[in-house]
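First the structure, in the form of structure tokens, and then the observations on it.
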Amino acid sequence: MTKEKTSFVYVTYIVSTPEKVFEALTRTDIARRYWGHENVSDWKPGSRWEHVRDNEERTVEIVGDVVEVSPPTRLVITWANASQASNPEVYSRVTFEIEEYENMVRLTVTHDELEAGSGMAKGISKGWPMVLSSLKSFLETGQALNVFAKPKAA
């Protein structure tokens, strides 16, 4: 029986250039500053990539493969929890589309092929808005958000 799939799409506009947005997604030293993780790869189609937590343990949390790289306008990767990396059925796909709009960029992130109702689907629906808001703040002001912040107790 095939499991139902779902997708998540997030669009934001960033006062920046396509080159800087693409670089922020793929350079470890930049991603660490707004994401609290490093995206580690040689960014060639077919290569492995790892989402490494910037902590003492250097925890690999997400893994996948690079599917497509078209700097500075498009990046496609697969995505799975590192603990489930050996199960191809759990992999989802993330597509970053970067489009220039006068003095800004329209960044569309589509995370699809997600198992509907899964922990991953629930997690990314909260995670992507925070990470992409932090990316926007970082590129526009030099100040990232705390992507690990939790809601205040009422």
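Numerical summary
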| read-out | value |
| --- | --- |
| The listed residue being farther than 16 Å from Phe138 by Cβ, surrounded by fewer than 18 Cβ atoms within 10 Å (Cβ to Cβ) and touching a residue at least 40 places away in the same chain (Cβ under 8 Å), out of Asn87, Asn55, Asn103, Asn81 | Asn103 |
| Tabulated pairs, the range 118-147, first over 14 Å from Val15 (Cβ atoms), second acidic (Asp, Glu), C-beta under 8 angstrom, 6+ apart or interchain | Ala121/Glu115 |
| Which numbered condition Val15 fails, given (1) crowded, with 17+ Cβ neighbours inside 10 Å; (2) of a type in the set (A, V, I, L, M, F, W, C); (3) over 17 Å from Val76 (Cβ atoms); (4) touching a strand residue (DSSP E or B) at 6+ places or on another chain (Cβ under 7 Å) | (1) |
| Residue match in the range 3-19 (condition: small (Gly, Ala, Ser), part of a strand (DSSP E or B) and free of Cβ contacts under 8 Å to residues at least 40 places away in the same chain) | no |
| Answer from Val76, Val90 - the residue that is at pLDDT below 95 and more than 26 Å from Ala149 (Cα to Cα) | Val90 |
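The values are calculated or read from the model by the stated rules, or taken from the named source; none is laboratory data. The shown structure was predicted, so the numbers you read here are calculated from the model rather than taken from an experiment. Every residue, glycine as well, gets a Cβ built from its backbone with ideal geometry; the counts of neighbours run over all protein chains shown.
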